[in-house]
1. Going toward the positive end of the dipole of the chain, with +1 on Lys and Arg Cβ and -1 on Asp and Glu Cβ, which of Asn50, Gly61, Ala21 do you reach last?
2. Going Cα to Cα from Lys31, which lysines come in below 29 Å? Please leave out same-chain ones fewer than 8 positions away.
3. Taking 30 Å as R0, compute the FRET efficiency from the Cβ-Cβ separation of Ala21 and Val74 and round it to 0.05.
4. Mind jotting down the distance between the C-alpha centroids of region 40-55 and region 59-90, whole Å?
5. Take peptides 26-38, 56-68, 3-15 and line them up by average Cβ neighbours within 10 Å, highest first, as a rough protection proxy.
6. Rounded, prolate or oblate: which fits the chain, taking a ≥ b ≥ c as square roots of the Cα gyration tensor eigenvalues, rounded meaning a/c under 1.5, else prolate when a/b beats b/c?
7. Taking 0.36 nm per residue of sequence separation and subtracting the Cα-Cα distance, how much length would be gained by fully extending the chain between Leu3 and Arg129, in nm to one decimal?
8. Checking understanding here: applying a Kyte-Doolittle mean of at least -1.0 and a length along the axis of at least 27 Å (C-alpha), which whole DSSP H helices in the chain pass?
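Bear in mind these aren't lab numbers, they're just calculated from the coordinates by the rules spelled out. Just so it is clear, the model here is predicted, and its values are computed rather than measured. Neighbour counts are summed over all protein chains in view; Cβ atoms, including those assigned to glycine, are modelled from backbone coordinates with ideal geometry.
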Amino acid sequence: MSLVLGVLGGMGPAATLDFLAKFQALTGAKKDQDHIRTLVDINPQVPDRNDPFTKPGPVLGQMALGLRGAGAQVLAIACNTAHAYADTVRQASGLPLVDMIGTAAKAARDTGAVRTGVLGTRDAIKLYREYLAA
């Protein structure tokens, strides 16, 4: 049995499609069957990730649990700002999460970057600053 990826998406829908297109393009598949099976929950109804009073964490946790129930073995979130709730997603699902912000910070460090530019929401920029400072 091969790996099954679950993607929490829909925040916004175009970002999820962009993530999936890049994921597919960077997979070294020579034929269709070489691609990773991917389950996607595109939920544009997730409460605003920029407003902690809207409580997006429980909705993200339910999405993660649903993806696990559908067969996902590892998760990814196609929204930078939603990574503020990464621990909630991990705890709800019990699955590992590919941390997009941590991966980007590691790539910057590994390439020797001394200055990194990031476009994003206020909260996404805050997360990137925390990761990059570490």
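1. It is Ala21.
2. Lys31 reaches Lys22.
3. After rounding, the FRET efficiency stands at 0.95.
4. Between the Cα centre of region 59-90 and that of region 40-55, the gap is 12 Å.
5. Details: 26-38: 9.8, 56-68: 20.2, 3-15: 18.5.
In decreasing order of mean packing, 26-38, 56-68, 3-15 become 56-68, 3-15, 26-38.
6. On the way: a/c = 1.73, a/b = 1.11, b/c = 1.56.
It comes out oblate by the Cα gyration axes.
7. Details: separation 126, 0.36 × 126 = 45.36 nm, distance 3.15 nm.
Roughly 42.2 nm would be gained on extension.
8. Numbers: long enough: none.
Correct list, ordered by number: empty.
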